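In what follows, a structure is listed as structure tokens, so that the remarks can point back to it.
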Amino acid sequence: MKVEFHSDREFDLIAIGRACIDLNSVEYNCPMEETMTFKKYVGGSPANIAIGTSKLGLKSGFIGKLADDQHGRFIEQYLRRVGVDTSHMVVDQEGHKTGLAFTEIKSPEECSILMYRDEVADLYLDPSEVSEDYIEKAKVLLVSGTALAKSPSREAVLKSIRLAKKNDVKVIFELDYRGYTWVSTQEASVYYSLVAEQSDVVVGTRDEFDILENLKDGNNEATVNHLFKHSPQLIVIKHGVEGSYAYTKSGETFRGHAYLTKVLKTFGAGDSYASAFLYALITGKDIETALKYGSASAAIVVSKHSSSEAMPTLDEIEQFISERTKDIGVTTRLM
């Protein structure tokens, strides 16, 4: 199965939501209390996915709000440098600041993120700052769950989805759940469900789908049976080292296996997976290939220090896959 997209749109993908700063610990195997040196990168799930798809050769754009400060200018300049269109990134005029994420790398298995997300500029994107003329130029609108956590960003995202559906733009929902941004899991469940039911493709971890459904230890079959009563045509549920599953509304199930790699850190895998998976779908590749690309991209990024800067090129992904064909395959089965 392949997902069909318009071929005559100026942009392959436009992302909306969070763009922030990652400050990654330069000192490995060290708790943050003892860490003295950090390296700065652009971060935020939708920003990372826009960067990743752009590096793979897609024409990507971004809708978001940046702080009127040095960090905001750094983000805009970096996105533009890697080929992401920033013409619809708005500069905040009310003194809100750029979100910061400090990362700790104690070991490949023990990593953590310390977030500064109070009164951040990206959550003040206003619905009036979302342009229908811009969205209708895209094949895909990528929505990130964190942007739903607060108003007015929440309403801006809901408006963007309405405009996308009005103009036959595919809506991709990357769940991107960050608990510290939400008042409660119940609130998150309400808005996640609202958006998921309107989306064409939904991508997330098993834990994130549990948040969507307000469940503990949910199962994939129940999840897809519910969501396929609504708009989604494709649902991707990730299970970490156990790999990922893609379910189609027509009844097919595909399993993608995780690639073995030398892991430096755990963060960044989801965004790199999404960028390569979506690249494959948008360029007409089948779901089995998209799962391979997503898994390979994730394996590459977790082996490197950054998330955005480490996003691989197409040549890097294809070389990685070819070198590991004996280690892994993607199997297909019918439901």
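The values are calculated or read from the model by the stated rules, or taken from the named source; none is laboratory data. Keep in mind that what you see is a predicted model, and the values were worked out from it rather than measured. All Cβ positions, even for glycine, are placed from backbone atoms using ideal geometry, and neighbour counts span all protein chains on display. Ligands, DNA and RNA are stripped out before the accessible areas are found, and what is left, the full protein with its side chains, is counted by its heavy atoms. Shrake-Rupley method; radii C 1.70, N 1.55, O 1.52, S 1.80 Å.
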Are there any pairs with C-beta distances below 6 angstrom linking a residue in segment 203-217 that is of a type in the set (Ser, Thr, Tyr) to a residue that is buried (at least 18 other Cβ atoms within 10 Å of the Cβ), with the two at least 6 apart or on different chains, and if so which? Thr205/Lys238
If you go through segment 241-280, how many residues are assigned to a helix (DSSP H, G or I) and either crowded, with 18+ Cβ neighbours inside 10 Å or among the hydroxyl-bearing types (Ser, Thr, Tyr) (or both)? 12
Just to be sure, is Thr37 in contact with a strand residue (DSSP E or B) (Cβ under 9 Å, 6 or more places away or on another chain), of a type in the set (S, T, N, Q) and surrounded by fewer than 21 Cβ atoms within 10 Å (Cβ to Cβ)? yes
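Within segment 76-93, does at least one residue satisfy the condition of being at pLDDT 95 or above, in contact with a helix residue (DSSP H, G or I) (Cβ under 9 Å, 6 or more places away or on another chain), over 30 Å from Glu318 (Cβ atoms) and open to solvent by less than 20 Å² (accessible area, probe 1.4 Å)?
yes
Counting only residues that are more than 15 Å from Leu278 (Cβ to Cβ) and of a type outside the set (S, T, N, Q), give me the strands (runs of 3 or more DSSP E) lying completely in segment 1-60 with at least 1 of them.
20-25, 38-43
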Given (1) in contact with an Asp or Glu (Cβ under 8 Å, 6 or more places away or on another chain); (2) closer than 29 Å to His305 by Cα; (3) not charged (D, E, K, R), identify the lone condition not met by Val236. (1)
For segment 147-170, pairs from a residue that is farther than 14 Å from Asp200 by Cβ to a residue that is charged (D, E, K, R) and assigned to a helix (DSSP H, G or I), with Cβ under 7 Å and 6 or more apart or across chains, are Leu148/Arg154; Ser153/Asp122; Ala156/Glu129; Leu163/Glu132
Given the criteria in a helix (DSSP H, G or I) and touching a helix residue (DSSP H, G or I) at 6+ places or on another chain (Cβ under 9 Å), does Lys139 qualify? no
Can you name every residue in segment 169-228 that is assigned to a loop (DSSP other than H, G, I, E, B), crowded, with 17+ Cβ neighbours inside 10 Å and of a type in the set (Gly, Ala, Ser)? Ser199, Gly218
